[in-house]
Each structure stands twice: as structure tokens, then as C-alpha cells.
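Participant: Input: one structure, supplied below.
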Amino acid sequence: MINGDQEYVIKRVIGAEEVIDTIGTSGAIKAGNSTNRLLASCNDDVFSLQVNGREVASVVDTSLAFGFLVGLIVQTQEGAPVDVSFDNFDAYAP
């Protein structure tokens, strides 16, 4: 997840439990209402997040196995307009 304050979060949700794997800020994230392009990838047990062509975070998680669901979530604060489009979304096993 990223926001207009140049912050990112990588978290996983299993059932009702949310676990934050990493959180931080990055100059790669355009501030305010600017357009950001995201690339999230998972290769074996390494999950990486790129924003605007630059890697901002990478985490290793050996607790998950094959067969879990993958998804993207868009969230906004009440009253804050947002325009989101998804393209080139692929999910596949290597």
C-alpha cells in the first residue's frame, strides 16, 4: 500500500489477522494527487514492491505456502477522492 505522503506498507492478511511486514517512506513515491505506478512481485519467499520503477521494499516470508489467494486493495479516507486503474495484472506460478 502507498499513499500521497510518500509512505508504503507491505502487510499480509490471514483470516482476521493483519501482519505488517515492513513500513517506511520513499522519495520514489510521488506525493499528493500524482500518479504512481506500482509493481508487486513474489518470487519464492521474497516479496518486492516497486514504485515508479524503483524498488522501495522487499521482504522474505517463509510462513506462506502455495494455495493462498492474491489480491489488490484500494482504500481511501472518507471524503478523499481517488482514481485508480489496474492494468497488466498477472498472477502465475513460476
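Rule-based calculations on the coordinates, nothing more; no lab input. Only a predicted model underlies this, so the values are computations on that prediction, with no experimental measurement involved. Note that each Cβ is placed from the backbone with ideal geometry, even for glycine, and that neighbours are counted across all protein chains shown.
Participant: Could you list SER48, SER85, SER34 in order of exposure, starting from the residue whose Cβ has the fewest other Cβ atoms within 10 Å?
Facilitator: Exposure proxy ranking, most exposed first: SER85, SER34, SER48.
Participant: Here's another thing I want to ask about it. State the antiparallel share, in %, of DSSP beta bridges confined to the chain, rounding to the nearest 5.
Facilitator: 100 percent
Participant: Next question. For the range 7-60, what relative contact order do you get, as a whole percent, if you take Cα pairs closer than 8 Å and at least 6 residues apart? Don't skip to the end; give the middle numbers.
Facilitator: Working: 81 pairs, mean separation 13.9, N = 54.
In percent, rounded to a whole number, it is 26.
Participant: May I pose another question? What ranking, highest mean first, results for peptides 24-32, 2-10, 72-80 when packing means the other Cβ atoms within 10 Å averaged over each residue?
Facilitator: The peptides rank, most packed first, as 2-10, 24-32, 72-80.
Participant: Expected output is a single nm value to one decimal: the length gained when fully extending between CYS42 and LYS30, i.e. 0.36 nm times separation in residues minus the C-alpha distance. What is it?
Facilitator: On the way: separation 12, 0.36 × 12 = 4.32 nm, distance 2.34 nm.
My answer for the length gained is 2.0 nm.
Participant: Would you mind estimating how fast the range 7-60 diffuses translationally, via Stokes-Einstein at 25 °C and 0.890 mPa s with the Kirkwood radius over Cα pairs, in µm²/s?
Facilitator: 204 µm²/s
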